[in-house]
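All remarks here apply to the structure that follows.
The values are calculated or read from the model by the stated rules, or taken from the named source; none is laboratory data. Keep in mind that this is a model prediction, so the values were computed, not measured. Positions of Cβ are generated from backbone atoms using ideal geometry, with glycine treated the same way; all protein chains shown enter the neighbour counts. Just the protein is used for accessible areas: all its heavy atoms, side chains included, with ligands, DNA and RNA removed. Shrake-Rupley method; radii C 1.70, N 1.55, O 1.52, S 1.80 Å.
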Amino acid sequence: MNGMTTGQTDDPCPRCGAHLTEISGPTAARVIQQCRACAWSVSWAAPQLVLTAVQSDCLADMAADAIAYRRAAATGCPHCRQGPAEDCPEHSPGHAQIEAYRQLAADLTSAGGER
């Protein structure tokens, strides 16, 4: 699997009017729109998100709150106390969400470069 995402858009081709197909790579750093009917094509760099220091701090606080909330749900769980929380059938989805929150916060704050 190459990580490419392809889908039809509602955008009409400027040359023939057919619906365009949009292709983006795994990092979504570059987007290509092409017309399969007439072979018209355009590509561009996807916009990059840049956070201000205040936004970065706010995001870090939100992630910390969400992680604390998810952790609190497992407090007192005998399965979580005996082994890793990710192995608990009831709380493993919460553990996976905690890791997703951590990764998203790390990705966005590092992209901003102001933290």
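Some observations on this one:
- When the criteria are applied in full, GLY3 meets the requirement of being at pLDDT below 85, loosely packed, with under 13 Cβ neighbours inside 10 Å and at positive phi.
- For segment 34-54, filtered to residues that are at pLDDT 85 or above and crowded, with 16+ Cβ neighbours inside 10 Å, the residue that is nearest to the chain's Cα centre (by Cα) is GLN34.
- Single unsatisfied condition, ALA85 versus (1) at pLDDT 80 or above; (2) small (Gly, Ala, Ser); (3) touching a His at 6+ places or on another chain (Cβ under 9 Å): (1)
- Pick from segment 97-111, criterion open to solvent by less than 90 Å² (accessible area, probe 1.4 Å) and at pLDDT 80 or above, ranking: farthest from SER56 (Cα to Cα): GLN97
- Flag if ALA29 is open to solvent by less than 70 Å² (accessible area, probe 1.4 Å) and at pLDDT below 85: yes
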